[in-house]
1. If each residue of separation counts as 0.36 nm, what is the full-extension length gain between residue 240 and residue 457 once their alpha-carbon separation is subtracted?
2. Need one number: nm distance between label points at residue 247 and residue 313, each 7 Å from Cα along Cα→Cβ, rounded to one decimal.
3. Can you sort 395, 331 so the residue with the fewest Cβ neighbours within 10 Å comes first?
4. If you average the sequence gap of Cα pairs under 8 Å that are 6 or more apart and divide by the length of the chain, what percent do you get for the contact order?
5. What distance in nm separates the two pseudo spin-label positions at residue 425 and residue 221, each 7 Å out from Cα along the beta-carbon direction?
6. Between residue 436 and residue 297, what is 0.36 nm times their sequence separation minus the Cα-Cα distance? Round to one decimal in nm.
7. How many nm is it between the label spots at residue 201 and residue 342, if each spot is 7 Å from the Cα in line with the beta carbon?
8. Between residue 384 and residue 489, what is 0.36 nm times their sequence separation minus the Cα-Cα distance? Round to one decimal in nm.
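Computed from the coordinates by the stated procedures, all read-outs in this text should not be read as laboratory data. All of these numbers come straight from a predicted model, not from anything done at the bench. With ideal geometry, Cβ positions are generated from the backbone for all residues, glycine too; neighbour counts draw on all protein chains shown.
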C-alpha cells in the first residue's frame, strides 16, 4: 500500500441534528475539516440515497465551503462512483481511507473489495473481525491515524512532526501549505496535537514536536524570580507534553523551552541586542538596539536621572517586561512628557524604550533555519504626527495594544516617495548578518525580528524579537520549502546530538 492520499468521509461520522431535525456537524468535525482543507490530501464526503434531502443539501454545501467532493451512493453504482472519484482526485498508487461508523453497510464491503481501508469511528472493535478495518474512538484521532499509516507505508523514511499552536496561528501556517499531512518532498508529515485526548496515544509515532509554547501560558508571576522561566505556568496539556518529552528523549522538541525563554523577557531581549555593535563596520550604516531602561515603579524619585543616564528622551514607548503569552503582554503606551507616567497602567515591571522616527515603515525579518526572508509593512507614524494626535485628545499619552490597536500611519502621514526611499535604504546584507548572529546566540530554528530605519541617521534598529512568528506577509514561495528544510535540519541535528 502506498501513502494515504485520499480520505472519503461518510455522513455518519459528520452529521447530527440539533434536536429539532436540523442538521449540524458533530463535535470535532469542523476542526477536522478545516485541517483537512490544508492537508494536501484529497477529501470527499459521501452519503446514500436514503439520506433526507435537508441533510444531503447541508452536506453538499459544507463540502463546497471546504472545496471537497461530495458524492451520492447506492450499492449498484458504488463501484462506478468510487472509481470516478479516484480519477477526479488523480492519486493513482496512493491508498485511500473510507471513514464511517457503519461497519455492516454493504457499501463498506464494496469499498474493501476495491482496496480501500475502512476506518471505523466510535465502533466496538470486538463486534467486527476483519483486518481491513481500523478502529478509532473519536474523530479527533483520524489525522494521527493517517500519519501513522503513511509512516508505515514509507518504511519510516518520513518524519512526523506534531505541532501545538493556537487555531489562528495554525491557520496562518496551514493556508500557506506549510503543515501538510501528506509527506513533503523532504519527507515531513505534520499532525496537530490536541489536548482533548490523551497525548500518549498521539505521540507514539511522533518524532518531534513543533510548538508555540507561549500560546499555552496561563499565568505569569514576575516576582517569583529574576529568571522569567520560574514564574511561568503553562496549561495542563503543555505540562503533560513537557513531561512526555523528558521521559521519551527519542522524541525531540523544536525548539527546547529553555531556548525560547530569553524571548519571553523584553529586558533580556534588549540586553542581547546590545551585542549587535560587534557587527558594525566603518563606512556603513549602523546596526543597533534601541536605548532602553527597565523600571519597577513609575513613581521612582530618581526616574528623571535614570532616563538621562539611559540616553532616553521623549517620546518614549512603555512596554511590559513580559513579551508574550499573557493577555496584557502587548498593552503599551507612548508618553510625551514626564507627567504622562502617572496616567498609564502598563503592567510592571516595564521597559522604557526609545521611540525611533522611521518613516512609518517596518521591516519584518524571518529566520527559517539558514534562510532569511523579509516583508515590508506600514508602521506607526513619526513622533510629530503622534504628538499632534495626543494634543487633539487633551495631551494625553497614547495607549494601545500592539496586536489589536497599533496606531498605524495613515496615507496623509506617509508619502509614497518617502516609503520607497526607506525601502531602498535597507541594507539587507547587514541585517542578514544580524540574523545569523542572533541564530548563533539564541540557538533557535525559526524566529523573527523587526527592523526600523532611523530617518535622520540611517541606523538600522532592531526593536523586537519573537519565536515562531507567522510569515504570512512573505510572498516568496521559497519560504515554505525553507520552513520544511529548517524543521528537518533541526530534527536531524538534535537526533545526532
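1. Once the chain is fully extended between residue 240 and residue 457, it gains 73.1 nm.
2. Between residue 247 and residue 313, the label points sit 6.0 nm apart.
3. By the 10 Å Cβ count, ascending: 395, 331.
4. Dividing the mean separation by the residue count of the chain yields 12 percent.
5. 4.8
6. Details: separation 139, 0.36 × 139 = 50.04 nm, distance 3.60 nm.
Computed gain between residue 436 and residue 297 is 46.4 nm.
7. With each label placed 7 Å out from Cα toward Cβ, I get 6.1 nm.
8. Numbers: separation 105, 0.36 × 105 = 37.80 nm, distance 4.66 nm.
Result for the pair: 33.1 nm of gain on full extension.
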